[in-house]
Amino acid sequence: MKKPIIEFKNVSKVFEDSGTVVLKDINFELEEGKFYTLLGASGSGKSTLMRVIEGMECADQGNCILNGIDLAKSSDKKRAEIRNQKMGIVLQDFGLFNDQTVKQNLQLPFLIAKRSIKSANIRAQEILEYLHIAELMNRKVQTLSGGQKQRVAIARGLMMDANLILADEPTGALDHKATEQLIFLLKKLNKEGKTIVVVTHDMEMARSGTKQFYMEDGKIFPL
């Protein structure tokens, strides 16, 4: 058995404004190098679970441990550093700056890490060639299709060469063909050693994982 990259120990989370318990005493481990999908309806808690993994939110009870580091006990600065250097995060709405070029969007993780523009541009060229979209380098994001934007979002997630790729509803804005292309790409990245965690309500995407979970009413169950 491979070592866990993520461990949840008795994790609970309450929305303070409503008092809703959105995560209920969750315990599970995700092993390094696997492709996980987490299926669930809207409001089931799956996106909150992902935000806890990302360190964007902290559990009210329990521990979320990433590579031996308890995120709940880490400072905001430390969690931001972990997100930048240890995670590739892909958002449903892509999270790209529409009025900037693809290259400028890909430079962002390097600038946050205070690395040089030159090194960022070299890495961006490598990643875009790997994803077969090098011709988009100098295009503004607002001119791209949904599928192209999703590939650029993944490219940005790969810039720091993180071993953990987290995607929250990555097919939400994609048509069927673009969804199939995305699934193929995520499987390819997984075969190359990346740990993939995808939150989705799309059955096609959910079935693509090597191990699936289901969330309902703030609890998680294996499928």
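The values are calculated or read from the model by the stated rules, or taken from the named source; none is laboratory data. All figures in this text were calculated on a predicted structure; none of them were measured in a lab. Cβ: placed from backbone, ideal geometry, glycine included. Neighbour counts: every protein chain shown. Each accessible area value is taken on the protein alone, full model and side chains, heavy atoms only, with ligands, DNA and RNA left out. Shrake-Rupley method; radii C 1.70, N 1.55, O 1.52, S 1.80 Å.
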Does D17 satisfy being over 20 Å from E204 (Cα atoms) and in a strand (DSSP E or B)? no
Is it the case that region 154-171 has a residue that's of a type in the set (D, E), touching a helix residue (DSSP H, G or I) at 6+ places or on another chain (Cβ under 7 Å) and in contact (Cβ under 8 Å) with a residue 60 or more places away in the chain? yes
Over region 59-75, the set of residues open to solvent by 40 Å² or more (accessible area, probe 1.4 Å) and either closer than 19 Å to L23 by Cβ or charged (D, E, K, R) (or both) is D60, Q61, N63, A72, K73
Please find, within region 138-184, the residue that is nearest to the chain's Cα centre (by Cα) out of those that are open to solvent by 60 Å² or more (accessible area, probe 1.4 Å) and of a type in the set (K, R). K177
Considering only residues that are under 23 Å from A80 (Cα atoms), in contact (Cβ under 8 Å) with a residue 24 or more places away in the chain and either assigned to a loop (DSSP other than H, G, I, E, B) or β-branched (V, I, T) (or both), which ones fall in region 103-147? I112, A113, I127
Check region 108-118 and report whether any residue there is surrounded by 21 or more Cβ atoms within 10 Å (Cβ to Cβ) and of a type outside the set (A, V, I, L, M, F, W, C). yes
Residues of region 158-189 satisfying the condition of being over 24 Å from L108 (Cα atoms) and in a helix (DSSP H, G or I): H176, K177, A178, T179, E180, Q181, I183, F184, K187, K188
If you take the residues in region 76-99 that are at pLDDT 95 or above and open to solvent by 80 Å² or more (accessible area, probe 1.4 Å), which one is farthest from T200 (Cα to Cα)? D99
Just wondering, is there one or more residues in region 24-33 that are in contact with an Asp or Glu (Cβ under 8 Å, 6 or more places away or on another chain), part of a loop (DSSP other than H, G, I, E, B) and surrounded by fewer than 15 Cβ atoms within 10 Å (Cβ to Cβ)? no
Can you pull out every residue in region 60-75 that is assigned to a loop (DSSP other than H, G, I, E, B), more than 18 Å from the chain's Cα centre (by Cα) and touching a residue at least 24 places away in the same chain (Cβ under 8 Å)? D60
Reported set for region 190-207 where residues are part of a helix (DSSP H, G or I), surrounded by fewer than 23 Cβ atoms within 10 Å (Cβ to Cβ) and at pLDDT below 95 is M203, E204, A206, R207
Hey, V102 hits all of (1) open to solvent by 70 Å² or more (accessible area, probe 1.4 Å); (2) in contact with a Leu (Cβ under 6 Å, 6 or more places away or on another chain) but one; which does it fall short on? (1)
